[in-house]
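Peer 1: Mind having a look at this structure? Questions to follow.
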Amino acid sequence: MLTQSATVSSLGLVFQGSQTKTSGFWNDGNLGQELLRKFTKTAGGQTLGQWLASSLPKLYGAVSGAPSLSTFTNAQVGSFYKGLFSQFNTNQLDAEVMSLALYIFATTGSLGLGAGGTTPATAYGLPVDANGLGAYTFSIGFHGAAFGVANFAVLDIYQIMLAANSSATSGEPWGINLSRRNDGQAVIGVIDGDL
């Protein structure tokens with residue numbers, strides 16, 4: 001299995017709010033689902049499913065009871081997302097978290113590549129650059145406990161994603177801890193454009 005690691009350091013980039021659509025974007029067959037099918041391999045040679053599984057193993061890589069997306073085609077990743085989106089559990093946090101992972105992938109120039117090394121996300125109105133959405137910072141407000149930091153800490157969005165992964169139990173961000181799930185939703189829902 002191919003693996004990639006990421007080093008996160010603050011670049012002083014502040015999340016603007018216009019860098020994502022909503023979690024519903026990835027559920028739409030003419031937008032997000034179509035975009036998912038256009039991705040080829042990352043600069044490191046991974047498929048979308050492999051990247052999700054290796055970068056976020058407690059959510060998508062068969063660690064601690066999580067499902068394994070490592071062998072999924074992009075269409076299967078899309079179907080998996082649609083399944084999460086259609087679940088009306090507590091607050092759709094599972095879909096919100098995966099939506100954030102997909103936005104990070106799509107907006108990072110070395111990850112969300114299409115045929116011929118293009119970046120297809122730009123055609124769907126998503127900004128793509130070398131750093132991607134994960135490098136932008138966001139204040140987590142009163143929700144520090146869910147992310148293992150003090151309230152009002154400013155984290156890179158990729159660090160927020162890693163906190164969701166590290167807290168996961170059986171692929172569920174923050175497991176069955178409803179308070180932490182609500183905290184996660186309050187932060188990730190804003191980044192995704194849903195709150």
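Peer 1: Limited to the range 134-166, what total is found for residues that are within 23 Å of A66 (Cβ to Cβ) and in a helix (DSSP H, G or I)?
Peer 2: Counting residues in the range 134-166 that are within 23 Å of A66 (Cβ to Cβ) and in a helix (DSSP H, G or I) gives 14.
Peer 1: Follow-up. Could you check how many residues of the range 20-62 are buried (at least 18 other Cβ atoms within 10 Å of the Cβ), of a type in the set (V, I, T), in contact (Cβ under 8 Å) with a residue 60 or more places away in the chain and farther than 13 Å from A101 by Cβ?
Peer 2: Number of matching residues: 1.
Peer 1: Continuing with this model, one more query. Which numbered condition trips up Q92, out of (1) at pLDDT below 95; (2) farther than 20 Å from G193 by Cβ?
Peer 2: Only one criterion is unmet by Q92, namely (2).
Peer 1: Okay, moving on. Which residue, of S99, S110, is closer than 24 Å to Q50 by Cβ, at pLDDT 95 or above and surrounded by 24 or more Cβ atoms within 10 Å (Cβ to Cβ)?
Peer 2: On inspection, the qualifying residue turns out to be S99.
Peer 1: When you check Q46 against the structure, is it modelled with pLDDT of 95 or more and assigned to a helix (DSSP H, G or I), yes or no?
Peer 2: Considered against the rule, which asks whether it is modelled with pLDDT of 95 or more and assigned to a helix (DSSP H, G or I), Q46 comes out as no.
Peer 1: Any residue in the range 161-168 that is in contact (Cβ under 8 Å) with a residue 60 or more places away in the chain, closer than 23 Å to Q50 by Cα, surrounded by fewer than 17 Cβ atoms within 10 Å (Cβ to Cβ) and in contact with a Lys or Arg (Cβ under 8 Å, 6 or more places away or on another chain)?
Peer 2: Yes, the range 161-168 contains a residue that is in contact (Cβ under 8 Å) with a residue 60 or more places away in the chain, closer than 23 Å to Q50 by Cα, surrounded by fewer than 17 Cβ atoms within 10 Å (Cβ to Cβ) and in contact with a Lys or Arg (Cβ under 8 Å, 6 or more places away or on another chain).
Peer 1: I'm checking my understanding of the structure. Among residues of the range 76-133 that are assigned to a helix (DSSP H, G or I) and of a type in the set (D, E, K, R), which one is farthest from W174 (Cα to Cα)? Steps first, please.
Peer 2: Going through the range 76-133, the residues assigned to a helix (DSSP H, G or I) turn out to be 76-86, 93-107, 115-117, 120-124, 133.
With of a type in the set (D, E, K, R) added as a condition, the list becomes 82, 94, 96.
Working: K82: 21, D94: 10, E96: 13 Å.
In this case the residue turns out to be K82.
Peer 1: Which one of these is touching a strand residue (DSSP E or B) at 6+ places or on another chain (Cβ under 7 Å), of a type outside the set (S, T, Y) and farther than 16 Å from Q16 by Cα: F138, F142, F147?
Peer 2: Numbers: F138 fails: farther than 16 Å from Q16 by Cα; F142 fails: touching a strand residue (DSSP E or B) at 6+ places or on another chain (Cβ under 7 Å).
Being touching a strand residue (DSSP E or B) at 6+ places or on another chain (Cβ under 7 Å), of a type outside the set (S, T, Y) and farther than 16 Å from Q16 by Cα holds for just one of F138, F142, F147, which is F147.
Peer 1: Next question. Name the residues in the range 170-189 that are without any contact (Cβ under 8 Å) to a residue 12 or more places away in the chain and either within 21 Å of T22 (Cα to Cα) or in contact with a helix residue (DSSP H, G or I) (Cβ under 7 Å, 6 or more places away or on another chain) (or both), would you?
Peer 2: None - no residue of the range 170-189 is without any contact (Cβ under 8 Å) to a residue 12 or more places away in the chain and either within 21 Å of T22 (Cα to Cα) or in contact with a helix residue (DSSP H, G or I) (Cβ under 7 Å, 6 or more places away or on another chain) (or both), so the list stays empty.
Peer 1: I've got another one for you. For G117, are the conditions met, namely being within 20 Å of G193 (Cβ to Cβ) and not β-branched (V, I, T)? Write out each step before concluding.
Peer 2: Values: within 20 Å of G193 (Cβ to Cβ): no; not β-branched (V, I, T): yes.
Here the answer is no, as G117 does not meet what is asked.
The values are calculated or read from the model by the stated rules, or taken from the named source; none is laboratory data. Source: prediction; values computed, not measured. When we count neighbours, we look across all protein chains shown, and the Cβ atoms used for this are built from the backbone with ideal geometry, even at glycine.
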